[in-house]
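Worksheet: one structure, shown below.
The values are calculated or read from the model by the stated rules, or taken from the named source; none is laboratory data. In this text, all values refer to a predicted model and were calculated from it rather than measured experimentally. Cβ coordinates were reconstructed from backbone atoms using ideal geometry, including for glycine residues, and neighbour counts include every protein chain displayed. Side chains are part of the model used for accessible areas, which takes the heavy atoms of the whole protein and leaves out ligands, DNA and RNA. Shrake-Rupley method; radii C 1.70, N 1.55, O 1.52, S 1.80 Å.
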Amino acid sequence: MRLKKRVAIVTGAATGIGQAIAVALASEGAAVVVDYVGKSQLADETLQKIAAAGVQGISVEADVSDPAQVQKLVEQAVGKFGKLDILVNNAGIEFKQPFLDFPFDLWQKIIAVDLTGPWLCAQAAARQMVKQGNGGRIINISSVHEDLPMPTNAPYCAAKGGLRMLTRTIALELAPHKITVNNIGPGAIYTPIDKDVEADPNMEKQLMAEIPLGRWGRPEEVAELAVFLASDAAAYITGSTHFIDGGMLRMAGSL
Ligand code: BGC
């Protein structure tokens, strides 16, 4: 049990990578606050898995792009469990369309959830952690696309690129408080965010050709890395992105 008596918030924990992380933290002993928007049945499924791990969990509906809702999310975590040790900024959205046609309101929405969200949650969580005085862990789920451009996905890439520098900067500001800040940069992980690719054999084949290990990653594999970064063993790691991408970022085709 690497996270006994810890309290964690995982945003976007109703599905995909967020759900796997919530369950993995719980199975290491942490109490988990499951943040979600609009998918209460799936959030309940996450809660059931947390209960099966023998620890406590609650779900809170909070839109990470809304400062008041984020404040309430942290207050509810502390109200229920007395403190906050770990924040996992996982909630994210993606919408692919050529740049020339990309609607402005969608750009704003993606930046709001994928970049402003982590900012707001990290600030609210860090203020609480500083008050407690025992350090803490902030883990942001970024993407290979914090480095790698992806045509038709400009707002998502811009948000993840921003998250890269947000992490590096606040890691320095929070280091004196023993709060570490790290990004996980997943590649192609088999989750609902990629349902367009999963449903199209040609797109899937094209994607697999970009991955040296030749397969999708599993949410549980990403969750293992999150558990490690949340644990005491990772106390000296801060301000970095840790990629888990089957070698995708190193791909040089047949050269
Ligand atoms: C995106 C996926 C994409 C993957 C690899 C992820 O960040 O959400 O749509 O398939 O990166 O390119």
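For segment 225-255, what are the residues that are under 17 Å from the mean Cα position of the chain (by Cα), open to solvent by 50 Å² or more (accessible area, probe 1.4 Å) and closer than 25 Å to Ala209 by Cβ?
Passing the criteria: only Phe243.
Taking the condition at pLDDT 95 or above, in contact with a helix residue (DSSP H, G or I) (Cβ under 9 Å, 6 or more places away or on another chain) and open to solvent by 30 Å² or more (accessible area, probe 1.4 Å), does Arg137 pass? First the steps, then the outcome.
On the way: at pLDDT 95 or above: yes; in contact with a helix residue (DSSP H, G or I) (Cβ under 9 Å, 6 or more places away or on another chain): yes; open to solvent by 30 Å² or more (accessible area, probe 1.4 Å): no.
When the stated conditions are applied, Arg137 does not pass them.
Between Ile211, Ile184, Ile189, which is more than 25 Å from Thr46 (Cα to Cα), within 12 Å of the ligand (Cβ to nearest atom) and open to solvent by less than 20 Å² (accessible area, probe 1.4 Å)?
Answer to the check: Ile211.
Could you figure out which of (1) away from the ligand (no atom under 16 Å from the Cβ); (2) surrounded by fewer than 20 Cβ atoms within 10 Å (Cβ to Cβ) isn't true of Ile179?
Unmet condition: (2).
Anything in segment 142-163 that is in a helix (DSSP H, G or I), of a type outside the set (A, V, I, L, M) and within 13 Å of the ligand (Cβ to nearest atom)? List them, or say none.
Start the filter on segment 142-163 by keeping residues that are in a helix (DSSP H, G or I), which leaves 144-146, 154-163.
Among the residues that remain, those that are also of a type outside the set (A, V, I, L, M) are: 145-146, 155-157, 160-162.
Across segment 142-163, the qualifying residues are His145, Glu146, Pro155, Tyr156, Cys157, Lys160, Gly161.
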